[in-house]
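All remarks here apply to the structure that follows.
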Amino acid sequence: MIQAVIQTLMGIIGAFGFALLFNVRRGKLVAVSLGAGVCWVVYLLVYSNCQDKVISLLFATMAAALISEVLARVMKAPVTILLVPILIPLIPGSDLFYTTSNLVRGDAVQSAYYGSLVLKEAGAIAFGIILVPCIGQIIMKIWRLLRNILQGGKR
């Protein structure tokens, strides 16, 4: 439990640092940092239930995309400016390090294992980023269609 709290705090601090690096304004810094913390908590919760990094990253990235979409509308800011720092704790840095380390040492089998894991994790992150806006658009189209039908076809 203490380890999870420390990891979450480090994710918040890391996101805060990257938000500063990307010139995120003061009012958005706290929201972006807390969003990163929420995403890391989602990652830890999903990972504790399924023990799969790729699925955990997918759900955590979907949470990040949802948070950044909502914050972008509330704070009137571009989604990308908010999403990138929120995703910082989810970057698969350790697996990328192990890929490179094993490659340098000449261990092709371990390097290939970690390399494929990095590609799967990157794919899960990309898919999570794409999935949330697509689901949002589908929901909005269904909402408009139902509203149009209930109003008797008026526009």
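The values are calculated or read from the model by the stated rules, or taken from the named source; none is laboratory data. Fair warning: this is a prediction, and the values are worked out from it, not measured in the lab. Positions of Cβ are generated from backbone atoms using ideal geometry, with glycine treated the same way; all protein chains shown enter the neighbour counts. To get the accessible areas, we keep the full protein, side chains included, count just its heavy atoms, and leave off ligands, DNA and RNA. Shrake-Rupley method; radii C 1.70, N 1.55, O 1.52, S 1.80 Å.
Some values worked out for this structure:
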quantity	calculated
Val118 being aliphatic (A, V, I, L, M), loosely packed, with under 10 Cβ neighbours inside 10 Å and within 30 Å of the chain's Cα centre (by Cα)	no
Residue selected from segment 5-54 under the condition in a helix (DSSP H, G or I) and of a type in the set (D, E, K, R), by the criterion most open to solvent (accessible area, probe 1.4 Å)	Arg26
For Leu87: the one exception among (1) open to solvent by 50 Å² or more (accessible area, probe 1.4 Å); (2) closer than 16 Å to Tyr43 by Cα	(1)
So Ile2, is it open to solvent by 40 Å² or more (accessible area, probe 1.4 Å), modelled with pLDDT under 95 and either of a type in the set (A, V, I, L, M) or closer than 17 Å to Gly136 by Cβ (or both)	yes
Residues of segment 26-44 classified as over 18 Å from Glu69 (Cβ atoms) and in contact (Cβ under 8 Å) with a residue 40 or more places away in the chain, total	3
Enumeration of residues in segment 69-125 that are of a type in the set (A, V, I, L, M) and over 30 Å from Val30 (Cβ atoms)	Leu103, Val104, Ala108, Val109, Ala112, Leu117, Val118, Leu119
Selected residue [in contact (Cβ under 8 Å) with a residue 40 or more places away in the chain, open to solvent by 90 Å² or more (accessible area, probe 1.4 Å) and in a helix (DSSP H, G or I)] from Leu96, Leu71, Leu66, Leu82	Leu66
Where a residue in segment 133-154 is more than 29 Å from Pro78 (Cα to Cα) and its partner, wherever it lies, is open to solvent by less than 90 Å² (accessible area, probe 1.4 Å) and among the hydroxyl-bearing types (Ser, Thr, Tyr), with Cβ under 7 Å and at least six apart	none
